Amino acid sequence: MSDHEKDYLLQCFATDVPRRRVLKGLVAAGAGLATLTRFADHLAAAPADEAAELTIFAWPGLVPDILKERSVAPFNRTYPKVNVKLDISTNATMYPKMLASKANPVISGGMFNDVFVQRGMGDGLWVKPNDEWMPHRKEIPPDIMPPGGYGTIFQQTPFGLMYNPDKVEKPRSWADLWDPKYKGRVEMWDIYFDAYIAAAVMSGKGPSVEEGIKLWAPHRQNIGAWTMSPTKVEDDVSRGEMWLAPHWGSWAEQARSQGKKVAFTIPKEGAVQWGGHMVTVAGFSPKVTELTQRYLDTWNSEECQLGWVTKGFFGPANRKVKIPAEMLKLEAMMTAEDAAKKLIRYDVKAVGERMTKLKAMIDQTLKV
C-alpha cells in the first residue's frame with residue numbers, strides 16, 4: 001500500500017478523531033489496502049455511538065470526580081458505547097494547545113470561563129449549541145448566559161479573597177491586599193483579571209482591568225508569587241508561604257473541605273461575578289458534535305447540578321435546583337439570581353478581545 005493511499009484513507013476521517021485513530025493503528029500495523037478499505041467502509045457505515053470517543057476538557061480540584069459520578073455515568077447509561085475521556089487542565093494551559101491544534105482538534109468540548117469563551121469566539125474555535133441536543137438550556141435564566149450565543153453557563157461562584165486564618169485576620173476590603181505588613185505574602189494571577197477589576201471598582205474607576213493594574217503598581221512589592229493554577233495558589237496559602245490571594249469561592253471551599261488551611265470571604269466592596277461555561281469545539285463530524293452537546297448538557301441536569309452545589313461549592317445555573325439551607329450560609333454560595341444582582345459585572349467580550357495586551361501590561365507594570 002502506497003503512502004498516498006494511506007494518506008487518502010486517513011484524510012477521509014480527518015475530522016472524526018476516534019475513527020481516524022483506529023485506521024492509524026491499522027496502518028502502523030502494516031495492514032494491506034484491501035483490509036484497510038473494508039475496515040474504513042465499515043467504520044463509515046457504523047452509527048457514531050458505536051465508535052465514538054469524546055475527549056472533554058475539565059478543570060482540576062473536585063470537578064473530575066463530580067463529572068465521573070454525576071455526568072459521565074448517567075450519560076453512559078444512555079450511550080453505553082460512547083467513551084468519555086476527561087482531559088484535566090486549566091484554561092490558561094489548555095486554550096493555547098487547543099488553538100495550536102485547531103486544524104486537527106482532539107478536544108470536542110469542555111469548560112471555560114467568561115473571558116476565554118469570548119476569546120474562542122474571536123478565534124473561531126466554537127460551534128453554537130443546538131437546543132434540541134441541549135434541552136436543559138431552557139432551565140437557565142437568560143441574564144446569566146454568556147454574550148455571543150456560543151457558551152452555556154452551568155455553574156457560578158463569586159471571585160473574592162482566600163486567606164490563611166492562622167496567618168492573618170479575615171480581610172475586609174480589597175485594599176487589605178496592599179497593607180505593607182503583607183509584603184511578599186500576596187499571590188496574584190497574571191492571566192485572569194478579576195482582581196484588577198475589583199481594585200478599579202473599589203477605587204471608583206469602574207470595572208476596568210487597565211485601571212486596576214495601574215492601581216496595583218505602587219503595591220507590587222506585596223506580590224510574593226504569581227500563579228495560573230488554582231491548586232498551586234491553594235497549596236501556597238495553606239502552607240503559609242503566601243497568606244492571601246484573590247480566588248474563586250468554590251475552589252477555596254473545595255480546598256478547605258480537603259483539609260487545606262484556607263478560608264474565603266467577600267470584601268465589603270463586593271466580589272466579581274464568575275461563570276463556568278460549556279462550549280463545543282469546531283472541526284468534528286456532525287455526529288460527534290451532537291454527541292458532545294448531548295453529553296455536555298448533562299452538566300445542567302438536576303443530578304449534576306446538585307453535585308456542583310454539594311460537592312463543588314458552586315452556585316447552580318439551573319433555576320430548578322435549590323441550594324441546601326446550610327450551604328447558603330457560606331459566603332462562596334449564592335443563587336444565580338443573587339449572583340446577577342449582587343456581584344460585580346464587566347464587559348467580558350471587551351476583556352476577552354484584549355487578553356494578550358492585558359497580560360503584557362501586567363508583566364510590564366507589576367513584574368519589574
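For (1) in contact (Cβ under 8 Å) with a residue 60 or more places away in the chain; (2) more than 21 Å from the chain's Cα centre (by Cα); (3) on the phi < 0 side of the Ramachandran plot, each residue gets a yes or a no:
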site	(1), (2), (3)
Gly283	yes, no, no
Pro286	no, yes, yes
Thr298	yes, no, yes
Glu303	yes, no, yes
Leu306	yes, no, yes
Ala317	yes, no, yes
Met327	no, yes, yes
Ala332	yes, no, yes
* Asked: Of the residues that make up the stretch 297-305, is at least one at pLDDT 95 or above, crowded, with 24+ Cβ neighbours inside 10 Å and within 30 Å of Gly206 (Cα to Cα)?
  -> no
* Within the stretch 52-88, work out how many residues are of a type outside the set (Asp, Glu), surrounded by fewer than 19 Cβ atoms within 10 Å (Cβ to Cβ) and not in a strand (DSSP E or B). => 11
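Does Leu99 fit the bill of being farther than 19 Å from Ser71 by Cα, out of contact with any Gly (no Cβ under 8 Å at 6 or more places or on another chain), surrounded by 15 or more Cβ atoms within 10 Å (Cβ to Cβ) and of a type in the set (A, V, I, L, M, F, W, C)? Break it down into steps so the answer makes sense when it comes.
Details: farther than 19 Å from Ser71 by Cα: yes; out of contact with any Gly (no Cβ under 8 Å at 6 or more places or on another chain): yes; surrounded by 15 or more Cβ atoms within 10 Å (Cβ to Cβ): no; of a type in the set (A, V, I, L, M, F, W, C): yes.
When the stated conditions are applied, Leu99 does not pass them.
Return the residues of the stretch 334-346 that are hydroxyl-bearing (Ser, Thr, Tyr) and touching a residue at least 60 places away in the same chain (Cβ under 8 Å); say none if nothing qualifies.
In the first step, residues of the stretch 334-346 are kept if they are hydroxyl-bearing (Ser, Thr, Tyr); the result is 335, 346.
Hit for the stretch 334-346 is Tyr346, nothing else.
Mind checking whether some residue in the stretch 118-138 is under 16 Å from the mean Cα position of the chain (by Cα) and under 15 Å from Glu290 (Cα atoms)? Can you show your working first?
Let us first name the residues in the stretch 118-138 that are under 16 Å from the mean Cα position of the chain (by Cα), namely 118-121, 125-126.
Subset that is under 15 Å from Glu290 (Cα atoms): 126.
Checked the stretch 118-138: at least one residue is under 16 Å from the mean Cα position of the chain (by Cα) and under 15 Å from Glu290 (Cα atoms).
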* **Near pairs, Cβ below 7 angstrom, 6+ apart or cross-chain, from the stretch 188-213 (more than 24 Å from Tyr95 (Cα to Cα) and of a type in the set (Gly, Ala, Ser)) to any residue that is at pLDDT below 95 and buried (at least 24 other Cβ atoms within 10 Å of the Cβ)** => none
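The values are calculated or read from the model by the stated rules, or taken from the named source; none is laboratory data. All of these numbers come straight from a predicted model, not from anything done at the bench. In this analysis, Cβ positions are derived from the backbone assuming ideal geometry, glycine residues included, and neighbour counts consider all displayed protein chains.
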